[in-house]
1. All but one of (1) surrounded by fewer than 17 Cβ atoms within 10 Å (Cβ to Cβ); (2) within 21 Å of the chain's Cα centre (by Cα); (3) under 21 Å from residue 425 (Cβ atoms) hold for residue 135; state the number of the condition that does not hold.
2. If you scan region 106-124, which residues turn out to be outside any strand (DSSP E or B) and either surrounded by 24 or more Cβ atoms within 10 Å (Cβ to Cβ) or not assigned by TED's automatic domain parsing to the domain that holds residue 335 (or both)?
3. Which residues, counting only those in region 96-105, are buried (at least 18 other Cβ atoms within 10 Å of the Cβ), touching a helix residue (DSSP H, G or I) at 6+ places or on another chain (Cβ under 7 Å) and part of a helix (DSSP H, G or I)?
4. Is region 406-422 home to any residue that is over 24 Å from residue 344 (Cβ atoms) and out of contact with any strand residue (DSSP E or B) (no Cβ under 7 Å at 6 or more places or on another chain)?
5. Select the helices (runs of 4 or more DSSP H) contained entirely in region 284-354, then report the ones holding at least 1 residues which are crowded, with 24+ Cβ neighbours inside 10 Å and in contact with a strand residue (DSSP E or B) (Cβ under 7 Å, 6 or more places away or on another chain).
6. Is there a residue in region 78-95 that is closer than 21 Å to residue 372 by Cβ and assigned to a helix (DSSP H, G or I)?
7. Which ones in region 415-426 are touching a residue at least 40 places away in the same chain (Cβ under 8 Å) and surrounded by 15 or more Cβ atoms within 10 Å (Cβ to Cβ)?
8. Just one of the numbered conditions (1) without any contact (Cβ under 8 Å) to a residue 60 or more places away in the chain; (2) assigned by TED's automatic domain parsing to the domain that holds residue 308 is not true of residue 442; which one?
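The values are calculated or read from the model by the stated rules, or taken from the named source; none is laboratory data. Predicted model, so just to flag it, every value in this text is computed and none were measured. Methodologically, a virtual Cβ is constructed for each residue, glycine included, from the backbone with ideal geometry; neighbour enumeration extends over all protein chains shown.
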């Protein structure tokens with residue numbers, strides 16, 4: 001069992017400091033140390049495929065009818081200030097302030113009839129789980145990233161399967177990367193913007209010294225190898241090396257190092273703003289690039305939180321001046337980059353908020369909470385793109401055709417990851433089994 005001690009700041013849920021106590025053996029489940037867990041994963045065939053999901057949580061819920069569903073024939077108090085423009089797909093028109101997305105509409109799928117938020121509360125839960133937080137099993141519903149971490153494991157030891165780029169936010173759900181729920185702490189997101197970055201540093205221990213300790217442990221075990229005729233102990237060496245690799249490999253640090261990226265690519269993504277927008281998330285365009293670098297390096301799910309779209313006042317000036325242009329640039333750069341690198345068949349992208357906005361513009365020129373219907377955007381994953389799914393009525397306030405529940409999107413994302421969303425089950429803390437997605441929500445046939 002390997003322990004690396006460092007400086008103390010912050011406690012885990014059991015009261016132990018995560019910086020004082022980074023114990024590789026404790027990362028296992030059911031009493032298994034990490035090398036044993038890696039061996040079990042290998043025997044089960046985990047870590048062999050590399051499908052991935054990048055989920056963009058649009059913090060605070062964006063105005064769907066001012067992005068992908070402009071109501072040109074509605075009264076002005078509903079229609080708003082924005083005009084629509086053509087895209088590179090005939091018949092699909094979107095907001096004038098999303099010109100880069102319009103240019104690549106053949107690679108996108110706007111969702112105009114998204115529903116499922118039960119109460120219009122500001123909470124990222126529905127975006128990360130596809131389920132309501134009102135009724136949960138003992139332990140709580142797990143996020144998509146945690147489910148994939150549990151079912152698929154890492155592609156290789158140095159890259160966490162689930163990475164969350166969300167920083168802390170004034171409103172905690174705005175800074176959530178998605179929680180593990182009943183799957184437990186081992187399947188939480190690795191958060192490079194938080195304290196976890198300090199775990200990548202071997203405080204006071206050089207690699208040479210660490211290697212010497214590893215050799216010493218190997219020496220203690222040598223007598224067992226000498227008498228082991230089955231070769232099992234020798235076979236464990238590779239898993240011990242992978243466990244050590246999680247601490248000593250430069251692959252994760254390299255993926256997080258944007259200085260290693262081509263300057264033209266960095267310029268294409270842009271920088272945006274690193275500070276949080278109000279009590280929400282930053283409008284950090286470099287997070288879009290980090291997400292691509294992480295999935296390319298081996299991460300299976302990356303979540304990023306973008307902005308604060310809760311425009312109860314000044315909806316149009318806020319959207320036009322602070323959010324839409326940056327979102328347009330970041331998503332377009334990401335989707336085009338995935339296509340250019342041949343990752344579009346393997347990496348699914350989804351961007352959405354927790355609900356929609358009211359059809360009627362209020363007296364403060366804003367739109368309020370509207371759980372009846374919202375919008376979203378899909379790309380990649382080998383899905384059939386260049387189409388719109390769903391429609392709202394003339395006022396943009398009710399579903400007119402093909403309502404799309406959050407859970408249908410989750411079923412499709414799991415299917416794209418090679419997982420049957422209904423046959424695959426997990427057990428809550430009481431032992432009761434649950435499918436990944438409720439059986440009434442099917443994979444979206446329009447996309448597969």
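1. Checking residue 135 against (1) surrounded by fewer than 17 Cβ atoms within 10 Å (Cβ to Cβ); (2) within 21 Å of the chain's Cα centre (by Cα); (3) under 21 Å from residue 425 (Cβ atoms), the one that fails is (2).
2. Filtering region 106-124 down to residues outside any strand (DSSP E or B) leaves 106-107, 116-124.
Correct list: 117, 124.
3. Looking only at region 96-105, we keep the residues that are buried (at least 18 other Cβ atoms within 10 Å of the Cβ), and these are 97-98, 101-102, 104-105.
Add one more test, that the residue is touching a helix residue (DSSP H, G or I) at 6+ places or on another chain (Cβ under 7 Å), and what stays is 97-98, 101, 104.
Result: 101, single match.
4. Initial filter on region 406-422 (over 24 Å from residue 344 (Cβ atoms)): 407, 422.
Okay, now just the ones that are also out of contact with any strand residue (DSSP E or B) (no Cβ under 7 Å at 6 or more places or on another chain), so 407.
So far as region 406-422 goes, yes, one or more of its residues are over 24 Å from residue 344 (Cβ atoms) and out of contact with any strand residue (DSSP E or B) (no Cβ under 7 Å at 6 or more places or on another chain).
5. Numbers: elements: 286-297, 315-318, 324-340.
Helices (runs of 4 or more DSSP H) meeting the threshold: 286-297, 324-340.
6. Checking region 78-95: at least one residue is closer than 21 Å to residue 372 by Cβ and assigned to a helix (DSSP H, G or I).
7. In the first step, residues of region 415-426 are kept if they are touching a residue at least 40 places away in the same chain (Cβ under 8 Å); the result is 416-419, 424, 426.
Passing the criteria: 416, 417, 419, 426.
8. Of (1) without any contact (Cβ under 8 Å) to a residue 60 or more places away in the chain; (2) assigned by TED's automatic domain parsing to the domain that holds residue 308, only one is false for residue 442: (2).
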